[in-house]
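The values are calculated or read from the model by the stated rules, or taken from the named source; none is laboratory data. Note that the structure is a prediction, hence the values are computed from the model and not measured. Neighbour counts are summed over all protein chains in view; Cβ atoms, including those assigned to glycine, are modelled from backbone coordinates with ideal geometry. What goes into the accessible areas is simple: the full protein's heavy atoms, side chains included, and nothing from ligands, DNA or RNA. Shrake-Rupley method; radii C 1.70, N 1.55, O 1.52, S 1.80 Å.
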Amino acid sequence: MSGQINAFEMAQKQFDGVAKQLNLDPQISEALRWPMREFSFRIPVRMDDGSLRVFQGFRVQHNDARGPNKGGIRFHPSETFDTVRALATWMTWKCAVADIPLGGGKGGVIVDSASLSTVEKERLCRGWVQNMWRNIGPRQDVPAPDVGTTPQMMGWMMDEYSKLVGQYTPGVFTGKPLGGGGSEGRTEATGYGVIYTVREAMKHLGMDSTKSVAALQGFGNVSQYAAIGFVEMLGGKVACVSCWDRHDRTSYTYSHKNGIDPRFLLSITDQYGTIDKEKAKAAGYIIEDGDAWITKEADVLIPAALEGQVNADSVKKIHSRVKIVAEGANGPTTPEADDFFKANKIFNIPDFLCNAGGVTTSYFEQVQNDMNFYWSKQEVLEKLDAKMTSAFHGVLDMSAKEGVYMRDAAYMVAIDRVVKAMQLRGWV
Ligand code: NAD
């Protein structure tokens, strides 16, 4: 990785660019370039064989001018403080662009989750909370699951926090299991949120969604519900989805001559997002190389797997029919691909707007926990649609007003809102 810019430097660079365009006071910029608070701690865990292992834990609270910090906890072997800092910064902008009253945070532990037994994982989760409980809470900082962490882990963490503070406090963690303080609609939230923004983009561009075709990368949580939403809510056709096959460690694209049936594919996909090749083949699916998704004749591309997938090389393979790129994944587009979109007038829905449905529903979960009153799935999804639609138009209006690309407009909306909150609170 030497010579490559690290994630936090990239987050600062993106911010600097927009701060310049916004003519932001240099001292305010300085306050926003860095997290407000950072925690680094060691977590001793008794292993099943009686030995002791010490893990490195982090939590970064980037900015809480608009409300409690919000963001996931990642358990990953190559986690670094700078990755966590970058992700915390991006959460500040994501919550602000979605206009939910939360700030940005992120946490992590350097560990390969899969190497731990269930009981060891539970001890590690409880250890994380024992280090952080004084600095998290429904009014301070509300973590959630992320890479390597699960709803069950949030359940243990919430339980540990509740024990330490002496009262049941479900609103301290979101992404909890249903029946354990979780919210209806969370599973669908990010994918459906992507589709609400695609729907608005199509209206803006005067496209008929029922005559539209989408090509998706990935078939995990985001892509599954984006594909279902594209077919069921918009009446469009999904040409293909792709996935990483964890058995032969190769990626594949799945298409069907009539368009894919996302609910059928979901029924033959495992919990890690790997589609059963044999069952797909038997149902008439065409299986191609993993990169084929980007070449399909489609109006809408939805990269919803990994970062950096739409890049200088792959962007050249995009079909001339493509009008919208909706970023379901975090960071799927490189700056070179952004230049290509601009040059070819391809409408971009930037990641921190497009996939904000997840954090918005996490916010709804916290609201329901605090009220101790739970909404139906329909109520959650209606509220989500209203939030996503309004967030999309806030960015679109800024883009028109300032004559800037959607990604820059999204940053402008977000930074504007955070700076305003800091000013109203008398911080700057
Ligand atoms: P997931 O783990 O459920 O699914 C990932 C999918 O991508 C799987 O189908 C996997 O097989 C596929 N994949 C992996 N490598 C691939 C490759 N090389 N080619 C093709 N497919 C590949 O993950 P997810 O929750 O759907 O998240 C996807 C992206 O969306 C990530 O960038 C994540 O950070 C982002 N995101 C997720 C949420 C959420 O609520 N789940 C919210 C915001 C952003």
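Tabulated data
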item	result
Filter result for residue 310 (closer than 20 Å to residue 240 by Cα, away from the ligand (no atom under 16 Å from the Cβ) and open to solvent by less than 40 Å² (accessible area, probe 1.4 Å))	no
Residue list for the stretch 65-95, restricted to those being of a type in the set (Val, Ile, Thr) and surrounded by fewer than 22 Cβ atoms within 10 Å (Cβ to Cβ)	80, 83
Residue count for the stretch 403-428, restricted to those that are open to solvent by 20 Å² or more (accessible area, probe 1.4 Å) and touching a residue at least 60 places away in the same chain (Cβ under 8 Å)	9
Residue 150, sole failed condition from (1) among the hydroxyl-bearing types (Ser, Thr, Tyr); (2) open to solvent by 40 Å² or more (accessible area, probe 1.4 Å); (3) under 23 Å from residue 39 (Cβ atoms); (4) more than 16 Å from the ligand (Cβ to nearest atom)	(4)
Test: residue in the stretch 201-214 that is in a helix (DSSP H, G or I), within 15 Å of the ligand (Cβ to nearest atom) and surrounded by fewer than 24 Cβ atoms within 10 Å (Cβ to Cβ)	no
Residue 171 within 15 Å of the ligand (Cβ to nearest atom) and assigned to a helix (DSSP H, G or I)	no
Any hit, the stretch 206-220, residues being without any contact (Cβ under 8 Å) to a residue 40 or more places away in the chain and either closer than 15 Å to residue 355 by Cβ or not assigned by TED's automatic domain parsing to the domain that holds residue 256 (or both)	no
Breaking point among (1) more than 14 Å from the ligand (Cβ to nearest atom); (2) open to solvent by 10 Å² or more (accessible area, probe 1.4 Å); (3) touching a residue at least 24 places away in the same chain (Cβ under 8 Å), for residue 298	(2)
Residues of the stretch 328-354 classified as open to solvent by less than 10 Å² (accessible area, probe 1.4 Å) and either assigned to a helix (DSSP H, G or I) or in contact with a Ser or Thr (Cβ under 6 Å, 6 or more places away or on another chain) (or both), total	5
Residue match in the stretch 355-375 (condition: on the phi > 0 side of the Ramachandran plot and in a loop (DSSP other than H, G, I, E, B))	yes
Of the criteria (1) of a type in the set (S, T, N, Q); (2) more than 22 Å from the chain's Cα centre (by Cα); (3) not in a loop (DSSP other than H, G, I, E, B), which one residue 320 fails	(3)
Residues satisfying the stated conditions in the stretch 215-234, i.e. open to solvent by less than 40 Å² (accessible area, probe 1.4 Å) and of a type in the set (A, V, I, L, M, F, W, C)	215, 216, 219, 222, 226, 227, 228, 230, 234
Some residue of the stretch 235-244 being assigned by TED's automatic domain parsing to the domain that holds residue 333, surrounded by fewer than 16 Cβ atoms within 10 Å (Cβ to Cβ) and among the charged types (D, E, K, R)	no
Hits in the stretch 227-283 - residues which are under 20 Å from residue 322 (Cα atoms), within 22 Å of the chain's Cα centre (by Cα) and within 12 Å of the ligand (Cβ to nearest atom)	227, 240, 241, 242
Residue that is surrounded by the fewest Cβ atoms within 10 Å (Cβ to Cβ) [pool: residues in the stretch 313-327 that are within 18 Å of residue 230 (Cβ to Cβ) and within 14 Å of the ligand (Cβ to nearest atom)]	327
Per-region count, the stretch 157-177, residues modelled with pLDDT of 95 or more, open to solvent by 40 Å² or more (accessible area, probe 1.4 Å) and of a type outside the set (Lys, Arg)	6
